[in-house]
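Here's the structure, in structure tokens; my notes come after.
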Amino acid sequence: MSGWLDGHAALITGGGSGIGRAVAERFLAEGASVTVLGRDPAQLDQVAGDPSRVHKVTADVRDSGALHAAVAETVERFGKLDTLVANAGVWDYQRQLTRLSGKEIDTAFDEVFSINVKGYLLAAEAAWPELVRTRGSIVMTLSNSSFYVNGGGPLYTASKHACLGLMRELAYELAPKVRVNGVACGGMNTDLRGPEALALGDRSIAASFAKRQGAPPIPLHDSGTDPRDFTAPYVLLAAREQSGTITGHAISADGGIGVRGFARAAGGDHL
Ligand SMILES: NC(=O)c1ccc[n+]([C@@H]2O[C@H](COP(=O)([O-])OP(=O)(O)OC[C@H]3O[C@@H](n4cnc5c(N)ncnc54)[C@H](O)[C@@H]3O)[C@@H](O)[C@H]2O)c1
């Protein structure tokens, strides 16, 4: 095997579906061993790859003790930890302020922030001592909502902006031994759920994709929504030989939202 992550060991939160699972399978194909952590064991069983290089942990990312145990099991099983991919998250289905009551904000804010933001911070807290040992790195799944509005409502957009700040702060605090970067993904057809507090825990973003008509309003509107198409930046950022000078940076894989301009790309299908 000769991949960009030969002999590497990674821990991926939310690794049983969507972009987390796609990253797990890509890391395996690049020669890594992976611990996938998630709250649904049936999802974790879906991860395809050499079973001797996959370790599954059923846990909630709001549970610091479980994250410490997952790091310890990764080191016990694979000898070390090179990369933490902080990824597990929920969406708010673009529930705007005018459609939220104070009571809903009270409970849904706590749920969204405790999974999306505290879950990343707790995972980083559990992993950093091992990452110092290996001169490893953290890669966070960020979002177009880490930079721009209307990819979520106020709860999700604020949480993903918070993750961007978290990524930058930790890049400063953990240098020079540990690099911390992010991949700001655009729309992906996954199983992304909403908060229980808004009764959206059973709703999947896949249903929204199924209903979607027409192309998305992004310059690369014919780019894919399969999460596997978003995994290469994770490999790049995890591989110290390839990205040893990069920290505190977010690679946007969002179809060019940042150069969208007012309404649509200046080019177009006739070019
Ligand atoms: N789907 C998109 O369009 C999109 C776009 C940009 C960013 N993202 C981000 O990608 C990340 C992954 O989401 P996805 O789209 O792959 O959705 P997904 O639901 O397919 O994957 C998320 C995984 O996290 C797990 N999870 C959720 N809450 C958890 C918890 N409390 N404890 C443990 N595991 C938990 C889920 O069970 C699931 O396996 C999220 O951070 C999301 O915000 C998604």
Response to the item:
Helix-only [θ] at 222 nm, the chain, -39500 (n - 2.57) per DSSP H run of 4+, per residue, nearest 500, equals -11000 deg cm²/dmol
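Restricting the count to DSSP beta bridges whose residues both fall in the chain, what percent are antiparallel, rounded to a multiple of 5?
Numbers: 1 of 29 bridges.
Here the share of antiparallel DSSP bridges comes out near 5 percent.
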Worksheet item: Anyone know which of 110, 82, 222 comes out most mobile in the 10 Å Cα GNM of the chain?
Response: 222
Worksheet item: In degrees from 0 to 90, rounded to the nearest 10, what is the angle of the helix 102-113 Cα long axis to the longest principal axis of the chain?
Response: 40 degrees
Worksheet, complete the sentence: Distance in nm between residue 270 and residue 222 label points, each 7 Å along Cα→Cβ, equals 1.6 nm
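How much length, in nm to one decimal, is gained on full extension between residue 73 and residue 175, taken as 0.36 nm per residue of separation minus their Cα-Cα distance?
On the way: separation 102, 0.36 × 102 = 36.72 nm, distance 2.52 nm.
Stretched out fully, the residue 73 to residue 175 stretch lengthens by 34.2 nm.
Any idea of the accessible area per residue across the chain, 1.4 Å probe, to the nearest Å²? Display every interim value, and only then the final one.
Numbers: 12670 Å² over 271 residues.
Spelled out: the 1.4 Å probe surface of the chain, per residue, equals 47 Å².
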Practice prompt. Show which lysines lie in cross-link reach of residue 160 when reach means a straight Cα distance below 17 angstrom and same-chain residues fewer than eight apart are skipped.
Written response: 118
Practice prompt. Can you send over the carbon and sulfur percentage of the accessible area for the chain, probe radius 1.4 Å, protein chains only?
Written response: 53 percent
Worksheet item: Expressed as an acute angle from 0 to 90° and rounded to the nearest 10, what is the orientation of the C-alpha long axis of helix 18-29 relative to the principal long axis of the chain?
Response: 40 degrees
Response to the item:
Largest fluctuation, 132, 117, 71 only, Gaussian network model of the chain with Cα springs under 10 angstrom, belongs to 132
Discussion item. What do you get for the angle between helix 64-78 and the principal long axis of the chain? Use alpha-carbon atoms, 0 to 90 degrees, nearest ten.
Written reply: 50 degrees
Fill in: Hull volume in cubic angstrom per residue (convex hull over the Cα atoms of the stretch 9-252)
120 Å³
Response to the item:
If amide H atoms are modeled at 1.01 Å from N in the peptide plane, then the residues at a separation of 5 or more from residue 85, or on another chain, having amide H under 5 Å from its own are 11, 12, 13, 139
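In nm², what is the average projected area of the convex hull enclosing the Cα atoms of the stretch 6-65?
Values: hull surface 15.0 nm².
The Cα convex hull of the stretch 6-65, projected and averaged over all directions, gives 3.8 nm².
Compare the peptides 254-260, 86-92 by average per-residue count of other Cβ atoms within 10 angstrom and give them in order, highest first. Walk me through the numbers before you get to the answer.
On the way: 254-260: 17.9, 86-92: 27.1.
Highest mean packing first, the order is 86-92, 254-260.
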Worksheet item: If 160, 177, 103 are ordered by their accessible area, calculated over protein heavy atoms with a 1.4 Å probe, which sequence runs from highest to lowest?
Response: 103, 177, 160
Practice prompt. Please identify, among 15, 182, 194, the residue showing maximal mean-square fluctuation in a Gaussian network model of the chain using a 10 angstrom Cα cutoff.
Written response: 194
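The values are calculated or read from the model by the stated rules, or taken from the named source; none is laboratory data. Since the structure is predicted, the reported quantities are computational estimates derived from the model, not experimental observations. Glycine gets a Cβ as well: all are built from the backbone with ideal geometry, and neighbour counts include every protein chain shown. SASA here: full protein model, heavy atoms, side chains in, ligands and nucleic acids out. Shrake-Rupley method; radii C 1.70, N 1.55, O 1.52, S 1.80 Å.
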